[in-house]
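Can you read through this structure? Questions will come right after.
Each value in this text was obtained by applying a stated rule to the coordinates, not by laboratory testing. In this text the structure is predicted, and so the values were computed from the model without any measurement. Every residue, glycine among them, receives a Cβ derived from its backbone with ideal geometry; neighbour counts consider all protein chains shown.
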Amino acid sequence: HDKNQKNLSAVLFLLFLLCFVVGDIVKFISNFSPANRIDFSGINKLNPFQGLMGQMVFYFLLGGILHKKREKLIQVRYTGILVALFAGLALLFGEWLVYSFRISDNWDSVFEGYSTVATVLMSIAVYLLALKLTRNMEGDTYPSKVINIVGRNTLGVYYIHWILGYIIVADLKKYIIYGGFFWNCVKAISIALVVSAFCNVVKRIPVIGKLL
């Protein structure tokens with residue numbers, strides 16, 4: 001609400017600190033502090049917004065603010081957006097390398113990546129990139145259609161990707177190397193596209209379509 005814009009921004013900033021900045025700091029300290037035998041993860045217990053729900057509240061509020069300011073944000077240059085996107089990619093990839101080396105195993109950059117600043121940076125960059133691409137494309141082009149279909153079905157993607165992910169990804173493990181940063185990127189994009197197309201069809205079914 002316009003009258004509560006400052007309060008909303010303050011809550012958003014607080015959530016960013018508690019859910020992402022603190023999470024990255026605690027994760028780093030827990031892995032690389034000389035006193036790494038101490039479990040610093042207990043610090044997160046002081047966070048009333050800890051876990052996935054706090055992160056989702058942050059993204060829910062962030063999405064509303066970005067959408068409201070879209071006419072100003074569309075003025076951001078492609079250069080700045082791409083720098084932010086690749087900076088986030090490089091940061092998350094770096095975390096994957098470092099933590100995987102530290103634990104001598106494949107660090108889960110998906111579920112562990114939810115609580116990273118890198119993911120926030122990439123999420124904002126992807127939104128701005130999609131916004132500019134759909135506005136700047138002349139005519140009803142194929143890329144613009146794909147972006148719009150995914151954008152209209154984000155709730156459905158959230159619901160269904162869990163089911164599809166467990167079924168398909170479990171089978172794919174038998175044929176390809178599972179895990180890793182780039183594989184997870186390919187997996188995420190593929191599932192988003194497939195589920196969006198599925199949701200687009202389901203939405204045509206009376207009553208059931210309203211759920212998505």
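Between their Cα atoms, which of LYS145/LYS210; LYS132/LYS203; LYS72/LYS210; LYS27/LYS68 are more than 29 Å away from each other? Show your work: numbers first, answer last.
Details: LYS145/LYS210 21 Å; LYS132/LYS203 27 Å; LYS72/LYS210 32 Å; LYS27/LYS68 33 Å.
Cα-Cα > 29 Å for LYS72/LYS210; LYS27/LYS68; rest within.
Taking 0.36 nm per intervening residue step and subtracting the Cα-Cα distance, what contour gain separates ALA192 from LYS145 on full extension? If you can, show how the numbers build up before the last one.
Working: separation 47, 0.36 × 47 = 16.92 nm, distance 1.41 nm.
Contour length minus the Cα-Cα distance gives 15.5 nm.
With labels modelled as points extended 7 Å from the Cα through the Cβ direction, what inter-label distance (nm, one decimal) is found for ARG204 paired with ARG77?
Inter-label distance under the simple model: 4.4 nm.
Taking θ as phi - 60°, what are the ³J(HN,Hα) couplings along segment 116-130 by the Karplus curve (6.51, -1.76, 1.60), each to the nearest whole Hz, with x for Gly and Pro?
Per-residue couplings from phi come out as 9, 5, 4, 5, 4, 4, 5, 4, 5, 5, 5, 4, 5, 5, 5 Hz.
Moving on to the next point. Please identify the chymotrypsin sites (Phe, Trp or Tyr not before Pro) of segment 67-151 that satisfy two criteria: DSSP loop assignment and at most 15 other Cβ atoms within 10 Å. Which are they? Working shown, then result.
On the way: sites: TYR78, PHE86, PHE93, TRP96, TYR99, PHE101, TRP107, PHE111, TYR114, TYR127; in loops: TRP107, PHE111.
Here the sparse-neighbourhood loop sites are PHE111.
Here's something else I'd like to know. 7 Å from Cα along Cα→Cβ at both LYS6 and PHE60: what's the point-to-point distance in nm?
A separation of 2.5 nm, rounded to one decimal place.
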